[in-house]
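Reviewing the structure listed below.
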Amino acid sequence: MSCVLIIGAGGVGNVVVKKCAQLPEIFSKIWLASRSLSKCEKIASEVKVPIETAQIDADQAGDVAALIRKTRPELVINVALPYQDLPIMDACLETGVSYLDTANYEPRNEAKFEYKWQWAYHERFERKEIMALLGSGFDPGVTNVFCAYAQKHHFQEIHSVDIVDCNAGEHGHPFATNFNPEINIREITQKGKYWENGQWIEIEPMSICETIDFPEVGPRKAYLLYHEEEESLVKNIKGLKRIRFWMTFGDAYLNHLRVLQNVGMTRIEPVLHEGHWIVPLQFLRSVLPDPGSLGTNYTGKTSIGCIMEGIGKDGKRKKMMIYNVCDHAECYREVQAQAVSYTTGVPAMIGAAMMLTGKWKKAGVFNMEQFDPDPFMDMLNRHGLPWKEMPR
Ligand code: NDP
């Protein structure tokens, strides 16, 4: 029986609140706080159990600490934006409360994400005897757990991992992003990167493309991007020689993105507009559809998983895939969200359940693959994200 404080009332926050509310035996009290109180209240009004709400600017560590003192949670679930990771971690340290997020910190003025800023909190969390669980979404998150599960049950050594992410859904808008537009466009327009034979190889954005056959979706064009779980998996998966991340994009999406880039709308440096400094990408975010609003008429599926190759438990070469397929319309029926918010929010709830039930419990800052994958994999099957495995 525990109280949680969820920060961020966007597409993902909506799912986390509704999934936690389904498990009152673990999440006995839920607080939802965000920059706009009205968004918290709207989500709370759609849940059958009482949800407390609060307004917070999570860029201000002192304000977050005050809110933690008022609400007295055992865990803070951060599903605001990556910019807020460090102020919220600071507030957790100050108040001695554990922390969970779904995306690693990135500085506002540089489109670059790395774990170094959050890993630097390890000793301080350890001394305070609290835990931080980083990246408990789908990718990062479930993909890390899939690798840990394969390492535990199927392989002596995993030599290569390809994380493959396909959204084969249709939302009916000419151009929209499935999670926060600012964070999404920063991720896609930066240089790609993969790890091979002990080093990182950088490539021009979207310059490597392959057709990948996705389970229950079929062949799709996927582009090599850099994704944050590669950084921790390289450290934690034994014998790894190569890791890459692939994501599908439709031609219409890429055409829109190219035009927006060419006219300067994806820039993150401020420009002077009629006497005011504005960041073009932040302005673009304001005119694009809210990711939380896309669910209404969304059809189709996401298909995301890990293809792994190496030496199996029997000493023979082995190649296999572990994956989940999620249906946008079914997610909407259950929690009024599209599948990208759903596949992120459900693992955030499960990560929180792992921590609050003591199944995953250590002092310090950790990534998902550093814990026993079995109880997490079991909850995925029981809470909306069943997974399958197959030879590849
Ligand atoms: P949204 O933009 O829909 O929601 C973000 C929410 O954070 C908004 O409600 C916003 O409030 C709130 N917020 C922003 N700044 C602040 C602040 N300073 N203080 C308090 N609240 C703030 O994004 P998503 O829900 O789509 O994404 C949420 C997170 O999940 C992101 O970090 C994203 O990177 C991550 N993610 C992770 C994935 C994974 O698989 N690991 C996949 C998809 C997303 P308001 O609306 O009031 O401005």
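Any idea how far apart Ser28 and Ala66 come out in nm if each label point goes 7 Å out from Cα toward Cβ?
With each label placed 7 Å out from Cα toward Cβ, I get 2.9 nm.
Have a look at the DSSP beta bridges in the chain and tell me what percent are antiparallel, nearest 5.
Values: 50 of 81 bridges.
Among the beta bridges of the chain, antiparallel pairing accounts for roughly 60 percent.
Suppose every K and R has +1 on its Cβ and every D and E has -1 on its Cβ; what is the size of the dipole of the chain about the Cα centre, in Debye to the nearest 20? It would help to have the intermediate numbers written out before the result.
Values: 43 positive and 49 negative charges, 128 e Å.
Around 620 debye, computed over the chain.
Compare the peptides 22-32, 62-72 by average per-residue count of other Cβ atoms within 10 angstrom and give them in order, highest first. Mind showing how you got there, number by number?
Numbers: 22-32: 18.7, 62-72: 16.9.
Top to bottom by mean Cβ count within 10 Å: 22-32, 62-72.
Got the relative contact order for segment 142-337 handy, in percent, Cα pairs under 8 Å and 6 or more residues apart? Provide the component values of the computation, followed by the final result.
On the way: 365 pairs, mean separation 63.1, N = 196.
Relative contact order of segment 142-337: 32 percent.
Scale the Cα Rg of the chain by the rule-of-thumb value 2.2 N^0.38 Å and send over the ratio, two decimals.
Its radius of gyration relative to the 2.2 N^0.38 Å reference: 0.94.
Roughly how many debye, to the nearest 20, is the charge dipole of segment 69-179 about its Cα centre, given +1 on each Lys and Arg Cβ, -1 on each Asp and Glu Cβ, and no other charges? Walk me through the intermediate numbers first.
Numbers: 10 positive and 16 negative charges, 96 e Å.
Result for segment 69-179 is approximately 460 debye, rounded to the nearest 20.
How far apart, in nanometres, would the label points at Ala252 and Gln199 be if each is projected 7 angstrom from Cα along the Cα-to-Cβ direction?
4.3 nm
Which length gain, in nm to one decimal place, applies between Lys361 and Thr299 when the Cα-Cα distance is subtracted from 0.36 nm times their residue separation? Before the final figure, lay out each step's value.
Values: separation 62, 0.36 × 62 = 22.32 nm, distance 3.84 nm.
Gain on stretching Lys361 to Thr299: 18.5 nm.
Using 1/(1 + (r/R0)^6) with R0 = 22 angstrom and r between the beta carbons of Trp277 and Lys116, what's the FRET efficiency to the nearest 0.05?
0.15
Determine, for each peptide in 333-342, 38-47, the mean count of other beta carbons within 10 angstrom over its residues, then list the peptides with the highest first. It would help to have the intermediate numbers written out before the result.
Values: 333-342: 24.1, 38-47: 16.8.
Top to bottom by mean Cβ count within 10 Å: 333-342, 38-47.
Mind ordering 214-226, 259-271 by average Cβ neighbours within 10 Å, highest first?
By packing density, highest mean first, the sequence is 214-226, 259-271.
What is the calculated FRET efficiency for Cys209 to Lys235, with r their C-beta to C-beta distance and R₀ = 25 Å, to the nearest 0.05? Please list the in-between numbers first.
Working: r = 28 Å, r/R0 = 1.12.
Approximately 0.35, to the nearest 0.05.
Mind pulling the per residue volume of the convex hull built on the Cα atoms of segment 142-337? Å³ is fine.
Details: hull volume 26.9 nm³, N = 196.
With only Cα atoms used, segment 142-337 gives 137 Å³ per residue.
So what is the relative contact order of the chain, in percent, for Cα pairs below 8 Å that sit 6 or more residues apart?
Numbers: 856 pairs, mean separation 81.9, N = 392.
For the chain, the relative contact order is 21 percent.
Assuming 0.36 nm per residue, please report the length gained on full extension of the stretch Arg317 to Met265 beyond their Cα-Cα distance. Intermediate results must be reported in sequence, preceding the final value.
Numbers: separation 52, 0.36 × 52 = 18.72 nm, distance 4.78 nm.
Extending this stretch completely gives an extra 13.9 nm.
A short reminder: the numbers here are calculations on the coordinates, not readings from a lab. All of these numbers come straight from a predicted model, not from anything done at the bench. Neighbour counts run over all protein chains shown; Cβ positions are idealised from the backbone, glycine included.
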